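Take a look at the structure below.
Just so it is clear, none of the values below were taken in a lab; they were calculated from the coordinates. No experiment lies behind these values; they were computed from the predicted model shown. In this analysis, Cβ positions are derived from the backbone assuming ideal geometry, glycine residues included, and neighbour counts consider all displayed protein chains.
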């Protein structure tokens, strides 16, 4: 940084000195000294100037790009503890815009603030000192007021309004990113409904308000530019007045007059850079504000660094838990209690919106209950560190996340050291082995973003294989087989059931015939645990479950 | 690259910046006027110095100088304003066109969302800056020196002539440099887009990464990729900045020093006065000013050019795709005809291979077949999301879709419903929700129709999502309804309600169902079994029930 600033000061200093020296040499020695000498001196100065520019640019950027890389990784890491519950209301396009776009705009703060600022102040002062020493102190004084005024005035113009507008501009950029993310990922549905106009109307509206904000900002930039130019012109006029006075008084010769005017003409240049620095700085501050917002966020759950002790087994104890979602009037779960013994095969059933998914979120500790407590193998979930919790419990979600990359890389996410044999075993258990074997590139087949080249059933089976690779104490399947045909679903579930006794399995079920042999079925309705027991007992009890079962039979027959 | 390539590139470029043409012109004119006033001021300074040597202070000339400089300051206001107007116009125009392109090729382009989004935001911003800031400077950098040399020539013709001979070197060097920088920045942009994709992928999958305790490890991947981007950029910068060194030196040397040397020679020869010599030196300084500007904003130019190439490529994809959009025909009624239809994806996969069949108005047909048999492609052809490569698809009437995984947009329930019918009244929305059996669930929400659905519909359960899709399809009121295994995401109780909703949706319409399960086929009149991209069996409902047997093997066997 210091190297960059020093290089810039000398570079720009030379930028002022070269024409001054040129003028003096032309006038004083032009008549008798050889042009060769002049060329030699000026040529050397020009080479030095070029070299220093290189040093300035290179050192400045070396630091800036290092910082950029670090900032991006930091931004991702601040998001991690917020996920998933703390990011529910965020738009991912906007988040990516913060990590890429906003950080890009923070860069000039590091690369292009210190050095230009130093040279904006120092070069005019050095020029003034030069004028004072070689021409006359009065000339130096008359000159220096103008560049210093430039440095002060530019940031001062409408500072507060500019800060607000810069922030608005960045937020609009984030909205544009979010809108485009939706548009790309939802293009099929937009096209099917001929709703291109709706989306493009939104983009258009955003463009219009964005243009208004930026036009307001550019008015300030225009004012800065005009005032800067005015001050630069004033410096030339005032210095000319002063040197002509001194020339009349016989204090200065013609060469000194010319040199002083030339310095006044070129010497304010470095100070003009302040206009750009200020504009960049405002953008950087607005962008940094958007980044700080993320890092200031409180994570929905906090973990201890060390677990009090490791869970002894895969038993799960749910004690009187209640959850109330912010955007809903009715509680998602109300005083639910259940004890699930180690290695049990338990089903959770109930109509849409009965609280099944919320229960899963609690078991994964994506959120904490508003009341009550969940423990695993005799240890409260809040007493487990992330590593112990995540190796003990694994989830296969209904809409699993598949990542851009190969089948193997998606599987290895779960167990980075897994051997190829282990990958195949997991794929076979998930009834996906034959299909992967049939692919020309096998395990190394690339699957698109969000797994878009896979069918819904293939995605789900890949996610199940991934979960099996982790070999957890508790495996949660949250409607994880909903997109499989009946045959495949049976094969997958029986492969999982074969390992009964190895782990606790909690199946959130949508098709009742897949859970008739569960050790226990928990029936949720409206956030309450209304029934529990084995299939036969529940059917005999003739309650909510029996009703669901009868309807199930109707559909099957 | 051939000559024709270059010329088409140029045509496209004009089209990219079309919206900003006026702004660019204004900016260039203001820059030129400023240069002329500046040159006049420098000439005035020369006269002042000469006059001082001869007869002392000249107030008149000094007033002239002040007026010229004031005029310059007034003109300095224009470029920042023009730059913003140009940039915002170009950006709005490009975003609108990109959006249209995305709609056309979006889900089938195989592109990563993050990549496209980065191009539409940061990329377009860069093109805007190129048009608003860099292009006027570039044009100024090539023309203003000519103006200044003309002024020098009026002072001393030989000096002007010599400088004019040196001048063509400058634009030549600029072009050369720009070319090199553009390739560097293309790589930079590409890596940055990749990084954006990785971020989006990671952030959208953070739930799974957290569940697998891999979120930190994914961060390490990002760190490696960010480091690679940095490394690459620095290595290329190191080389390219050397070029900058040479240019800085040459520019300074070629203009200021050359002007000074010429002034000295001519002064000693008695051809010009002292003041004129000073004016020539100052004009030499002014000669590098526009070039200095270009140097300062070289990144804007280079990154903008690289981004422009990316944007052009995205827009080009869309026009290319449009070429084939001729063989889908429209009439009223609800019949569907496939006549020797073939379809191949851009990667060469032949998805449909000679399909010929007709579906009558009001018929209910199930499409059955293994993964890759062509079910989804046929559905997409009916919906005109794809156009056949060979043959004709005739759909008589409009078609709508209830997808397996409906995409909901960030916004409210009402926003998502109005996608299908923008002018629908609240009453119409409730009627559709009622028919889709979703009205009760929405009534329970605090904000009713304005209840937010969350990004990608995350706040709705699988069953609610599906029923919202049905309500949306109802509002579209199309003659043909395509259902992609619509009951897969839901529990049984919901499945039954869904069935009722689907009944209401499909009454009196032509229905095409992509079926994975036997239960889905129940209630259809006809089953088309697909294999290798064409129907291999065509069964009526009663036949189908017997032949397809338990679990219909053709389907599950192929998929697992």
## Note on the structure
Partner shielding of B:43-53, as the mean number of partner chain Cβ atoms within 10 Å, equals 4
### Summary
Label model pair residue A:212, residue B:96: point-to-point distance (7 angstrom along the Cα→beta-carbon line) in nm is 1.8
### Summary
Shielding of A:543-552 by other chains, given as the mean Cβ count within 10 Å, works out to 2
### Task
Within the range A:522-539, find all residues whose amide N lies under 20 Å from a label point positioned 7 Å from the Cα of residue A:324 along Cα-to-beta-carbon.
A:525-529
#### Entry: Angle between chain A longest axis and helix A:544-556 axis [Cα atoms, degrees, rounded to 10]
90
### Task
Mind jotting down the three principal axis lengths of the protein assembly as shown based on Cα atoms? Whole angstrom, largest first.
121, 69, 55
#### Entry: Estimated FRET transfer efficiency when R0 is 35 angstrom, pair residue A:536-residue B:216 (beta carbons, to 0.05)
0.15
### Task
Give me the compactness ratio for the range A:93-233, meaning the Cα radius of gyration over 2.2 N^0.38 Å.
1.58
### Query
In degrees between 0 and 90, to the nearest 10, how far off the longest principal axis of chain A does helix A:137-156 point, with axes built from Cα atoms?
20
### Query
Summing -39500 (n - 2.57) over the DSSP H runs of n ≥ 4 in the protein assembly as shown and dividing by its residue number, what mean residue ellipticity at 222 nm do you reach, to the nearest 500 deg cm²/dmol?
-20500 deg cm²/dmol
## Note on the structure
Between residue B:447 and residue B:74, the two model label points (7 Å from Cα along the beta-carbon direction) sit apart by a distance in nm of 5.3
### Query
Of A:156, A:424, how do they rank once you tally other Cβ atoms within 10 Å and put the fewest first?
A:156, A:424
#### Entry: Using alpha-carbon coordinates, inclination of helix A:269-295 to the longest axis of chain A, degrees
10
## Note on the structure
Expected integer from the mean partner chain Cβ neighbour count at 10 Å over B:450-458 is 4
### Task
List the extent of the Cα atoms of the range A:472-557 along each of their three principal axes, largest first, rounded to whole Å.
34, 29, 22
### Query
Between residue A:205 and residue A:302, what is the label-to-label distance in nm when each label sits 7 Å out along the Cα-to-Cβ direction?
4.0
### Query
What is the diffusion coefficient of chain A in µm²/s, taking the Kirkwood radius over Cα pairs and the Stokes-Einstein relation at 20 °C with a viscosity of 1.002 mPa s?
72
### Task
Determine the equivalent ellipsoid of the range A:389-444 by diagonalising the alpha-carbon gyration tensor, then write out the semi-axes as square roots of 5 times the eigenvalues, largest first, rounded to whole Å.
20, 13, 12
### Task
Once you have the Kirkwood Rh of the range A:188-259 from its Cα pairs, apply Stokes-Einstein at 10 °C and 1.306 mPa s and quote D in µm²/s.
92
